[in-house]
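The block underneath contains the structure these notes are about, expressed in structure tokens.
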């Protein structure tokens, strides 16, 4: 089998023989056919991203929004890979990373995103950058035994539990072809292209997942690459756009459409799916920002009526917008405030319906900023 996306290559011989996929370099040849439908999707996706950028420039606390959105994306991207935990688990101050391996995976993804966004200031997207990002992702969590930060030196495959090279659903490039493909991908990422950056992002994500250069963590790194590439190309100024909520909702189609490229060289159907994902992700981000701004403004009006307690309550609300599930002891320590001062502010917020006591572990009470969490929980359950 051979098409514009690549070809199957026979490895080994006899009973040990198997066929791996060798991808062709990007961009595709013949060139991408941009029909009216694709152009329509492209315009809509670019318009959505432009709206996010416009809103981000207007709101003073955009970093708080981005911080929470990164956590939501970390959870959704990890859930695509089978992680079983909720947003509340990730935010709960009493659930430690060591006590819950799923929470550890998600928290490491958050650290990885923060690392990669910061690293982008000093290093362009390249194989070295991707390896450094992968090393952070798999540091001290599940997969830490699978050579974090190193390209694989053995053949991997994709399939159900117990699958082998002989019955795998997909076999990525052999080691030699993988290294060549990563070199080609690096050139495409950093080269000049007459394609729209959103189309380039779709091709980069597909190609990375097809190459599958690591023994573990390929999906999460590949999805993070989308945002990082768009930031590097100055399409995004902040990591406020993520596709995982759409890809999780359409997980089977997500995999099937990439398979269709490998089988028949049909990049166009994949690009349209990807652009649709971008449009929905932009719509989701805009809706979330609007709701969080409205909630922030409404809460500020309530707090302004607190009189002498206004200052401590405002400080607590700012903390809650980054940590919407709290317990008083850790909160007092984080804010460098007296325990009783935080306790009084918590009680004021409970009396006005802003906070609720959501749980109790021993003598320790857990409080939740429920309206805030309700907005963020969308699509994470």
Go over the candidates 272, 308 one by one and state the one that is under 24 Å from residue 50 (Cβ atoms) and not in a loop (DSSP other than H, G, I, E, B).
-> 272
Quick one: in the range 35-70, which of the residues that are surrounded by 15 or more Cβ atoms within 10 Å (Cβ to Cβ) and over 24 Å from residue 110 (Cα atoms) is farthest from the chain's Cα centre (by Cα)?
-> 38
Please verify whether the range 350-364 includes one or more residues that are closer than 27 Å to residue 58 by Cα, in contact (Cβ under 8 Å) with a residue 24 or more places away in the chain, outside the structural domain of residue 73 (by TED's automatic domain parsing) and out of contact with any strand residue (DSSP E or B) (no Cβ under 8 Å at 6 or more places or on another chain).
-> yes
Kindly check whether there is at least one residue in the range 351-374 that is over 29 Å from the mean Cα position of the chain (by Cα), surrounded by 15 or more Cβ atoms within 10 Å (Cβ to Cβ) and part of a helix (DSSP H, G or I).
-> no
Kindly indicate which of 322, 294 is surrounded by fewer than 16 Cβ atoms within 10 Å (Cβ to Cβ) and part of a loop (DSSP other than H, G, I, E, B).
-> 322
Test: residue in the range 232-242 that is in the same structural domain as residue 39 (by TED's automatic domain parsing) and not in a loop (DSSP other than H, G, I, E, B) | yes
Can you name every residue in the range 215-231 that is closer than 16 Å to residue 115 by Cβ and part of a loop (DSSP other than H, G, I, E, B)?
-> 217
Could you pull out the residue among 234, 218 that is closer than 23 Å to residue 263 by Cα and surrounded by fewer than 22 Cβ atoms within 10 Å (Cβ to Cβ)?
-> 218
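Residues are listed down the side, and each one gets a yes or a no for (1) in a loop (DSSP other than H, G, I, E, B); (2) modelled with pLDDT under 95:
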position	(1), (2)
164	yes, yes
167	yes, yes
192	yes, yes
201	no, no
208	no, no
246	no, yes
259	no, no
Name the residue, out of 173, 148, that is part of a loop (DSSP other than H, G, I, E, B), assigned by TED's automatic domain parsing to the domain that holds residue 38, in contact with a helix residue (DSSP H, G or I) (Cβ under 8 Å, 6 or more places away or on another chain) and under 20 Å from residue 19 (Cβ atoms).
-> 173
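The values are calculated or read from the model by the stated rules, or taken from the named source; none is laboratory data. Because the structure is a prediction, the values reported are computed rather than measured. Every residue, glycine among them, receives a Cβ derived from its backbone with ideal geometry; neighbour counts consider all protein chains shown.
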